[in-house]
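The values are calculated or read from the model by the stated rules, or taken from the named source; none is laboratory data. Bear in mind that the values here come from a model prediction, so they are computed numbers and not experimental data. Ideal geometry is used to build each Cβ from the backbone, glycine not excepted, and the neighbour counts take in all protein chains shown. Areas reflect the complete protein model, heavy atoms only, side chains present, ligands, DNA and RNA absent. Shrake-Rupley method; radii C 1.70, N 1.55, O 1.52, S 1.80 Å.
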Amino acid sequence: MKKIFALLLALLMLFCLAACGNSEDTGNNNTDDGKVNAEELAQDALEQAEELDSFSEAAAEHYLKAYGINYDELKPVWEYEVSEKGAYADDPASGSGHAVVIFKNPNGEITDEQIKEYYEQVFKVTAAASDDGYNIIGHEFVGDGENPGDETTLEDALSGFLQGWCFRKNGKSMAVYVSEIYDNDKDSELNRLFYYYGVKFDIGVGLQKSFDDTLNDMEQALEENEDEIKEALGG
């Protein structure tokens, strides 16, 4: 199991080596020529993951606190429960990752108004935690002719195929995804297509550049660290 996890971590580094390579950290994860030692990074991440109970509300609370968000302020005003695997978060020390929590109503359906009010609640919390005092569109949700750094409204943030927005914290763009939880096996009693009984938020580090620029950085990092990646994968 550990070997499989280490392999997955090494593969994941294909997507984060650009950030690691530009880090000002001069710790033991860099080789003598300044390149990232992917094998040591994978081992460090593996050890951290074993120490942290990532599937817990405590982990989510810890992650959110690092970005100035009080987890209690994200809890619904209506009665809810969080299942055993209903909360997850990465270690914020990694410089990436996210926190996810699913709130389910144990009493059945939640109304459209409850869903809207909850999204308004999350929207206000992230705006208050931001550097600017407001939420922005972000690279994940930007449309044609829009500037990702422009302020957004909740109405616009929920109008796209992907529901969400971004906010700046400590100069970093953070992404917020929200969605409804539904049960395909139940028919709605509120004259709706789906039986909604919960809500979900996913808050984490977002894209700092456009998709195209991010992909270009990944490709460059892959080329520059090819030998280290092969070594980490046992090649």
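Results, tabulated for the structure shown:
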| quantity | calculated |
| --- | --- |
| Amide H within-cut-off set for Ile136, under 5 Å, with H built and near neighbours excluded | Thr152, Cys166, Phe167, Arg168 |
| Estimated FRET transfer efficiency (Ser94, Tyr182; beta-carbon r; R0 30 Å; 0.05) | 0.40 |
| Surrounding net charge for Asn107, when Lys and Arg each add one and Asp and Glu each subtract one, Cβ distance under 11 Å | -2 |
| Stokes-Einstein D in µm²/s, Kirkwood radius over Cα pairs - segment 123-235 at 20 °C with 1.002 mPa s viscosity | 129 µm²/s |
| Area of Lys230 that stays accessible when all protein chains are in place (1.4 Å probe, Å², to 10) | 100 Å² |
| Ranked by how many other beta carbons lie within 10 Å on average, peptides 179-187, 157-165 from highest | 157-165, 179-187 |
| Rounded to the nearest 10 Å², the accessible area of Glu113 at probe 1.4 Å | 100 Å² |
| Difference of contour (0.36 nm per residue) and Cα-Cα distance, Phe194 to Gln121 | 24.0 nm |
| Mean projection area, nm², convex hull over Cα of segment 75-142 | 6.3 nm² |
| Segment 45-136, accessible area per residue, ligands and nucleic acids excluded (1.4 Å, Å²) | 51 Å² |
| Rg/Rh ratio calculated on Cα atoms of segment 179-235 (Kirkwood radius) | 1.36 |
| Asp72-Asn170 FRET efficiency (beta carbon distance; Förster radius 22 Å; 0.05 resolution) | 0.55 |
| For segment 120-134, 3J(HN,Hα) per residue [Karplus equation, 6.51 cos²θ - 1.76 cosθ + 1.60, θ = phi - 60°, Hz, x = Gly/Pro] | 4, 4, 5, 4, 5, 5, 5, 5, 5, 7, 6, 5, 9, x, 8 |
| Estimated dipole of segment 189-229 in Debye, rounded to 20 [Cβ of Lys and Arg +1, of Asp and Glu -1, Cα centre] | 760 debye |
